[in-house]
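The values are calculated or read from the model by the stated rules, or taken from the named source; none is laboratory data. Nothing here was measured: the structure is a model prediction, and the numbers come from that model. For neighbour counting, all protein chains shown are included, and Cβ atoms are generated from backbone atoms with ideal geometry for every residue, glycine included. Note: accessible area is taken over every heavy atom of the protein model, side chains too, but ligands, DNA and RNA are not part of it. Shrake-Rupley method; radii C 1.70, N 1.55, O 1.52, S 1.80 Å.
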Amino acid sequence: MAKFIAQAVVLGAQVISRAFARALKQEYAATQAAAQKGGGNSRVQAETNIKTGITLEEAKNILNVQELDPELIKKNFEHLFSVNDKSKGGSLYLQSKVFRAKERLDEEFRLQNQDKENKKYPNESARTE
């Protein structure tokens, strides 16, 4: 009886480890595909996505914007944030998603401005690093 239980445990562990390895391979492949699709600064994009917990595309979808227009983003953020206020019967979860989306888009603006500065003064960025 103990022999069958031991075999079942070993077999179960093998199945779980294979599934985990397959999931890791798929995640790695998806990350590589996204990096190739993202372009040259994909490392910076990935770091920003991890830091803010949300992708640029997801942030645009949440705030219902197609382009990075600061006025439209601010208007949509204020509307969605106030509509989802807990005191008005809204959802704290949705309100936090709206806030994170705005935070991600603000970070994207910061990165774009930093890139513009680096292109404007290329010797300065090399000296400071």
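Tabulated results
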read-out	value
Where the chain is the region considered: accessible area per residue in Å², 1.4 Å probe	78 Å²
Normalised per residue, the volume of the convex hull around the Cα set of the chain (Å³)	195 Å³
Distance violations [Cα-Cα > 22 Å] among 51/102; 60/88; 60/97; 75/102; 51/75; 75/97	60/88; 51/75
Where labels lie 7 Å past Cα in the beta-carbon direction, separation of residue 66 and residue 50 in nm	3.4 nm
The chain: calculated mean residue ellipticity at 222 nm from DSSP helix runs of at least 4, using -39500 (n - 2.57)	-27500 deg cm²/dmol
Estimated distance in nm for a label pair at residue 10 and residue 113, the labels positioned 7 Å out from Cα along Cα-to-Cβ	6.3 nm
Carbon + sulfur, % of accessible area of the chain - ligands and nucleic acids excluded, 1.4 Å	57 percent
Aspartates and glutamates with Cα under 19 Å of residue 74, excluding same-chain neighbours fewer than 8 positions away	57, 58, 85, 103, 106, 107, 108
Zone of residue 75's modelled label, taken as backbone nitrogen in segment 95-111 under 20 Å from a point 7 Å along Cα→Cβ	98-99, 101-103, 105-106, 109
Crossing angle, helix 70-83 versus the chain [Cα axis fit, 0-90 degrees, rounded to tens]	60 degrees
Contour excess over end-to-end distance, with Cα ends at residue 96 and residue 18 and 0.36 nm allotted per residue	24.4 nm
